[in-house]
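The next block holds one structure in the form of structure tokens; read it before the comments.
Throughout, read-outs are computed from the coordinates displayed, never taken from laboratory work. These numbers were taken from a predicted model, which means no experiment stands behind them. FYI the Cβ positions are ideal-geometry reconstructions off the backbone, even for glycines, and counts take in every protein chain you see.
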Amino acid sequence: MFRFLIKLMNAMKRTKNVEFMPFSLSLFSFLASSLWIAYGLLSNYLLLTFPNI
């Protein structure tokens with residue numbers, strides 16, 4: 001999975017276009033970060049909250 005992401009980032013950097021980035025990847029990355037932020041805020045654990053902002 002990480003190799004795919006690195007290839008994707010290189011393609012986006014080279015072409016300066018985000019058409020290669022799947023919408024589902026963006027959506028689920030946003031949802032996962034939002035859930036971790038919410039969990040960090042609710043548990044008052046700032047070391048978990050700030051890296052996800």
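Things to note:
A quick yes/no check of all residues on (1) touching a Phe, Trp or Tyr at 6+ places or on another chain (Cβ under 9 Å); (2) part of a loop (DSSP other than H, G, I, E, B); (3) not hydrophobic (A, V, I, L, M, F, W, C):
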{"site": "3", "(1), (2), (3)": "no, no, yes"}
{"site": "8", "(1), (2), (3)": "yes, no, no"}
{"site": "11", "(1), (2), (3)": "yes, no, no"}
{"site": "26", "(1), (2), (3)": "no, no, yes"}
{"site": "31", "(1), (2), (3)": "no, no, no"}
{"site": "36", "(1), (2), (3)": "no, no, no"}
{"site": "44", "(1), (2), (3)": "no, yes, yes"}
{"site": "48", "(1), (2), (3)": "yes, no, no"}
{"site": "51", "(1), (2), (3)": "yes, no, yes"}
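- Yes/no for residue 34 being out of contact with any Lys or Arg (no Cβ under 6 Å at 6 or more places or on another chain), exposed (fewer than 11 other Cβ atoms within 10 Å of the Cβ) and of a type in the set (Gly, Ala, Ser): no
- Filtered by the rule that a residue be under 25 Å from residue 5 (Cα atoms), surrounded by 10 or more Cβ atoms within 10 Å (Cβ to Cβ) and of a type in the set (A, V, I, L, M), the range 37-53 gives 37, 48.
- Enumeration of residues in the range 13-24 that are of a type in the set (Lys, Arg) and assigned to a helix (DSSP H, G or I): 13, 14
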